[in-house]
Amino acid sequence: MTSLYRYRRRDASLSDCLAAVAANAPLHGYCHSPRWTRFGACDGRGLLTFAGQESGAATAPLDQIYEARFFCDSGELRWLRDPESDGTGQGAWVSEVQGVPEGFESIDTLDGLTAMTGQIAIQHRAELPAPLRADPAAYVIREYIARAPGQAGQDGNCMVVEQRILRIAPWTGTESGHD
């Protein structure tokens, strides 16, 4: 059985959220703006580099980003811009590793979960990071399954209560199973 720890940070910039969670491990992910989707990486100092750029050359206008997801094997950062703010929003860190990132608060823990890993094919309009540019790619995901609420759960039914991205990998269409 697996536990999933969930944390949030309000009124924070994407840069601040990245710096807080990237201290543990480099992250890879994507950002959406009204005009583009870009894949990128964030190093242990919170420095963001987009695919196809030199290290540390984040030239995309970060003030245009309205959603971002950055991930590694141990956790996933989700950030959503508040449309009425000057570039701040809400961040969420979801991880199997207990530990509150700086500036975040613990919200709840999901216990007694079964974890299953699989793939979802990537369909996007963004440039993928090397070496995935020439091959079909997929998000490697982990789904967390628990007993359904109410009578359905009493009858033995289960449901996916959370899902997070672990990494981007070449599409195999075969990776799945219990962790």
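The values are calculated or read from the model by the stated rules, or taken from the named source; none is laboratory data. Everything numeric here is computed off the predicted structure, so don't read it as measured data. As a convention, Cβ positions derive from the backbone with ideal geometry for all residues, glycine included, and neighbour counts pool all protein chains shown.
Of the numbered conditions (1) at pLDDT below 85; (2) crowded, with 16+ Cβ neighbours inside 10 Å, Leu166 satisfies every one except a single condition; which is it?
Evaluating Leu166 over (1) at pLDDT below 85; (2) crowded, with 16+ Cβ neighbours inside 10 Å leaves (1) as the failure.
Starting from segment 92-106, take each residue that is touching a residue at least 24 places away in the same chain (Cβ under 8 Å) and of a type in the set (D, E, K, R) and list its partners that are loosely packed, with under 13 Cβ neighbours inside 10 Å and outside any loop (DSSP other than H, G, I, E, B), counting only C-beta distances under 9 angstrom and pairs at least six apart or across chains.
Glu105/Arg10
Return the pairs, sorted by first residue and then second, in which the second residue is at pLDDT below 85 and crowded, with 19+ Cβ neighbours inside 10 Å, the first residue lies in segment 36-48 and is charged (D, E, K, R), the beta carbons are less than 8 Å apart, and the residues are 6+ apart or on different chains.
Final answer for the pair search is Arg38/Phe50; Asp43/Ala22; Arg45/Ala22.
Can you pull out the residues in segment 70-100 that are among the acidic types (Asp, Glu) and either assigned by TED's automatic domain parsing to the domain that holds Tyr144 or surrounded by fewer than 16 Cβ atoms within 10 Å (Cβ to Cβ) (or both)?
Asp73, Asp82, Glu84, Asp86
Name every residue in segment 153-172 that is among the charged types (D, E, K, R) and in contact (Cβ under 8 Å) with a residue 12 or more places away in the chain, in order of residue number. Show your work before the answer.
If we filter segment 153-172 for residues that are among the charged types (D, E, K, R), which is where we start, we get 155, 162, 164, 167.
Of everything in segment 153-172, those that are among the charged types (D, E, K, R) and in contact (Cβ under 8 Å) with a residue 12 or more places away in the chain turn out to be Glu162, Arg164, Arg167.
From the set of residues in segment 9-31 that are crowded, with 17+ Cβ neighbours inside 10 Å, of a type outside the set (A, V, I, L, M, F, W, C) and within 19 Å of Arg164 (Cα to Cα), which is nearest to the chain's Cα centre (by Cα)?
The qualifying residue nearest to the chain's Cα centre (by Cα) is Gly29.
Could you tell me which residue of segment 40-69 is modelled with the lowest pLDDT, considering only residues that are in contact with an Asp or Glu (Cβ under 7 Å, 6 or more places away or on another chain) and of a type outside the set (Lys, Arg)?
Checked segment 40-69; the qualifying residue modelled with the lowest pLDDT is Gly52.
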